[in-house]
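Student: Please read through the structure below; I'll follow up with questions.
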Amino acid sequence: MRRKINPQPELDLYRSNLNLTNQYYEKYEAVSRILDQNPKILDLVHKDLKEALRSCTSEDRGGGRFQYTTDTALRILIGQIIEGCSLREIIIRIDDSNYLRRFVRIHGGPMMDFTTLCKLKNCMSSETWKKINQALAQHAVAQTLIDGDKIRLDTSAVETHIHWPTDSSLLWDSYRVLARLVEAARELDADAVGNGRLQTRKAKKLSVKIARKASRKPQSQEALKPLYSSLIQLVTDIGHWSQSVREALQERKSRYGILEQATAEHLASELAHYRDLALRVIDQATRRVLDGLSVPNQEKIFSIFEPHTELLQRGKAGKPIEFGHMMQIQQVGGKFITDYDVFEKKPVEHQLLEPALASHHRLFGHSPKMVTADKGYYQDMSAIDRLEKKVELVAIAKKGGRTPEQRQRETDPDFRFAQRFRAGVEGTISFLKRALGLSRCLNRGWEHYVSTIGAAIFTHNLLVLARG
């Protein structure tokens, strides 16, 4: 049976004479104790990893076999977020550090390689990260490490890993990806592709020429239309070609061996996926540039690699436009995040209050005495009055002008105290982005995007409890 944990510790022979180093060690020791006190977390992770771990046995130098555990994989992923490293960098850092080896419980065995770690990380679903966050919150409540007297809410944007989208760059992305797939299909079966010639250099030159002309002094849109027409035609042609290649691969796959069949099925799937996205890019470029029409943001595609990306206009001075998705965190005193949500489409903030209070009630068994949030959560005074039947103090400032009664309400000492408490959530969001990697999600796909946020919040809560 695949083990979840290696309970045999190694002798601690690596203490330092530097207080700073010992503080670093103590942080990891506290995180380790919290994980050991919560076997339910390991059970949840093990359900996702147990099958993948079957193929993750490493040959030791002496000829023995070293089996990685679920506990080791989870601890490496936590260490990656704490250290702010990429997957490759954390492998090197742990391999070179006696103390980090002790934390992840590899000890003297061979270090897990990057490919194995990447595979295990991708096996952990966003639902599992949500569940282990809930399990950690339940542990904190049971141990009276947090209380539910007050709660603060806020939303923030987490960017996806895309370049700034323009019609020409999206058309070029579509062409080069389809060209790469057609070339891969040609290496597999030249007859399925035919004698057609790729025009990758021409497509790139057109894209660069459009970008250069558009970046100069005001040019009429008419001057760019011939270039766009040529580039759109190239992408249209390779879209038709990729469709015929996909059909040929599917018709001829019975002639291939087992490995070639798997490769052909993968190429056919990729060709269909990126062709559909290229058609959307062609449609929006034609409507916007050639027809001069305005395309609503919800109908646009901003990246063929992260097609789920949403354009966010939040009125921020530094970043008026962001590309990604909104998340909401709800936090109690002591900076512990009791729940979070990630939204594929930007939510209406005042509609998030009732679900947040319901989540809080499920965790603590009672409603908070105080709830506070920024002006985005304000709907009207009748909604505030309804909330105050459940909560003693609702400290959400009003948008726009105020009546004398509303001004008096917002200058009340209790209200102002609650608003000062609310401001603390901004520091938490800053820490999540600055130290735990949520300024931009580098993982591809919606599922991995949500998992990345869940992993960062879980690590944040571990550090909060470790400091306590």
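The values are calculated or read from the model by the stated rules, or taken from the named source; none is laboratory data. Bear in mind that the values here come from a model prediction, so they are computed numbers and not experimental data. Backbone-built Cβ (ideal geometry, glycine too); neighbour counts: all protein chains shown.
Student: Give me the residue from region 161-175 that is of a type outside the set (A, V, I, L, M) and touching a strand residue (DSSP E or B) at 6+ places or on another chain (Cβ under 9 Å) and, out of that set, surrounded by the fewest Cβ atoms within 10 Å (Cβ to Cβ). Let's see the steps before the verdict.
Tutor: As a first pass, look at region 161-175 and keep what is of a type outside the set (A, V, I, L, M): 161, 163-169, 172-175.
Applying the additional criterion that residues be touching a strand residue (DSSP E or B) at 6+ places or on another chain (Cβ under 9 Å) yields 161, 164-165.
Values: His161: 16, Trp164: 8, Pro165: 18.
This residue is Trp164.
Student: Sort through Leu267, Leu290, Leu249 and tell me the only one that's within 29 Å of the chain's Cα centre (by Cα), assigned by TED's automatic domain parsing to the domain that holds Arg197 and in contact (Cβ under 8 Å) with a residue 40 or more places away in the chain. Outline the logic, then answer.
Tutor: Details: Leu290 fails: within 29 Å of the chain's Cα centre (by Cα); Leu249 fails: within 29 Å of the chain's Cα centre (by Cα).
Answer to the check: Leu267.
Student: Tell me which of these Lys209 doesn't satisfy, since it passes every other one: (1) part of a helix (DSSP H, G or I); (2) farther than 25 Å from Phe302 by Cβ; (3) modelled with pLDDT under 95; (4) not aliphatic (A, V, I, L, M).
Tutor: So the condition that Lys209 fails would be (2).
Student: Being more than 18 Å from Arg444 (Cα to Cα), in contact (Cβ under 8 Å) with a residue 60 or more places away in the chain and surrounded by fewer than 20 Cβ atoms within 10 Å (Cβ to Cβ) is the filter here, so list the residues in region 105-127 that pass it.
Tutor: Of the residues in region 105-127, the ones more than 18 Å from Arg444 (Cα to Cα) are 105-113.
Next, only the ones that are in contact (Cβ under 8 Å) with a residue 60 or more places away in the chain stay: 105, 107-108.
Passing the criteria: His107, Gly108.
Student: Could you grab me the full set of residues in region 229-244 that are under 33 Å from the mean Cα position of the chain (by Cα) and within 14 Å of Ala185 (Cα to Cα)?
Tutor: Narrowing region 229-244 to residues under 33 Å from the mean Cα position of the chain (by Cα): 231-232, 235-236, 238-239, 242-243.
Once the filter is applied, which keeps residues that are under 33 Å from the mean Cα position of the chain (by Cα) and within 14 Å of Ala185 (Cα to Cα), region 229-244 yields Ile238, Ser242, Gln243.
Student: Looking at (1) β-branched (Val, Ile, Thr); (2) free of Cβ contacts under 8 Å to residues at least 60 places away in the same chain; (3) part of a helix (DSSP H, G or I), which one does Ile81 not meet, given that it meets all the others?
Tutor: (2)
Student: Same structure again: In this structure, does Cys118 turn out to be not aromatic (Phe, Trp, Tyr) and not in a helix (DSSP H, G or I)? Spell out how you get there, then give the answer.
Tutor: Details: not aromatic (Phe, Trp, Tyr): yes; not in a helix (DSSP H, G or I): no.
Judged against the criteria, Cys118 is not a match.
Student: Are there any pairs, at least 6 apart or on different chains, whose C-beta atoms fall under 6 Å, with the first in region 356-369 and closer than 10 Å to Thr338 by Cα and the second of a type in the set (Ser, Thr, Tyr), and if so, which?
Tutor: Every condition considered, the pairs that remain are Leu363/Thr338.
Student: Looking at region 358-392 only, could you name the residues that are under 30 Å from Ala135 (Cβ atoms) and either among the acidic types (Asp, Glu) or part of a strand (DSSP E or B) (or both)?
Tutor: Scanning region 358-392 gives Met370, Val371, Thr372, Ala373, Asp374, Glu392.
Student: Determine which single condition Val342 fails, assuming it passes every other condition in (1) among the β-branched types (Val, Ile, Thr); (2) assigned by TED's automatic domain parsing to the domain that holds Val158; (3) in contact with an Asp or Glu (Cβ under 9 Å, 6 or more places away or on another chain).
Tutor: For Val342, the failing item is (3).
Student: Filtering region 245-261 down to residues that are among the charged types (D, E, K, R) and farther than 14 Å from Ala184 by Cβ, which residue is surrounded by the most Cβ atoms within 10 Å (Cβ to Cβ)?
Tutor: Residues of region 245-261 among the charged types (D, E, K, R): 246-247, 251-253, 255, 260.
The next check asks that each one be farther than 14 Å from Ala184 by Cβ; those that pass are 247, 251-253, 255.
On the way: Glu247: 13, Glu251: 10, Arg252: 15, Lys253: 17, Arg255: 12.
Out of the qualifying residues, it is Lys253.
Student: Let me ask something additional. Tell me the residue from Arg186, Arg197 that is more than 28 Å from Gly427 (Cβ to Cβ) and assigned to a loop (DSSP other than H, G, I, E, B), please. Working first, answer last.
Tutor: Values: Arg186 fails: assigned to a loop (DSSP other than H, G, I, E, B).
None of the others qualify; the one that does is Arg197.
Student: So for region 418-430 (the condition being exposed (fewer than 15 other Cβ atoms within 10 Å of the Cβ), part of a helix (DSSP H, G or I) and over 26 Å from the mean Cα position of the chain (by Cα)), does at least one residue qualify?
Tutor: Checking region 418-430: at least one residue is exposed (fewer than 15 other Cβ atoms within 10 Å of the Cβ), part of a helix (DSSP H, G or I) and over 26 Å from the mean Cα position of the chain (by Cα).
Student: Would you check if Ala278 is without any contact (Cβ under 8 Å) to a residue 40 or more places away in the chain, closer than 19 Å to Tyr175 by Cα, touching a helix residue (DSSP H, G or I) at 6+ places or on another chain (Cβ under 9 Å) and surrounded by 15 or more Cβ atoms within 10 Å (Cβ to Cβ)? First the steps, then the outcome.
Tutor: Numbers: without any contact (Cβ under 8 Å) to a residue 40 or more places away in the chain: no; closer than 19 Å to Tyr175 by Cα: yes; touching a helix residue (DSSP H, G or I) at 6+ places or on another chain (Cβ under 9 Å): yes; surrounded by 15 or more Cβ atoms within 10 Å (Cβ to Cβ): yes.
Criteria not met by Ala278.
Student: In addition: Under 8 Å between Cβ atoms, at least 6 apart or on separate chains: pull out the pairs that start in region 327-353 with a residue that is in contact (Cβ under 8 Å) with a residue 12 or more places away in the chain and end on any residue that is part of a loop (DSSP other than H, G, I, E, B) and among the hydroxyl-bearing types (Ser, Thr, Tyr).
Tutor: If the second residue must be part of a loop (DSSP other than H, G, I, E, B) and among the hydroxyl-bearing types (Ser, Thr, Tyr), the pairs left are His350/Tyr378.
Student: May I pose another question? Search region 294-326 for residues being at pLDDT 95 or above and among the polar types (S, T, N, Q), and hand back the single one that is farthest from Ser156 (Cα to Cα).
Tutor: Ser303
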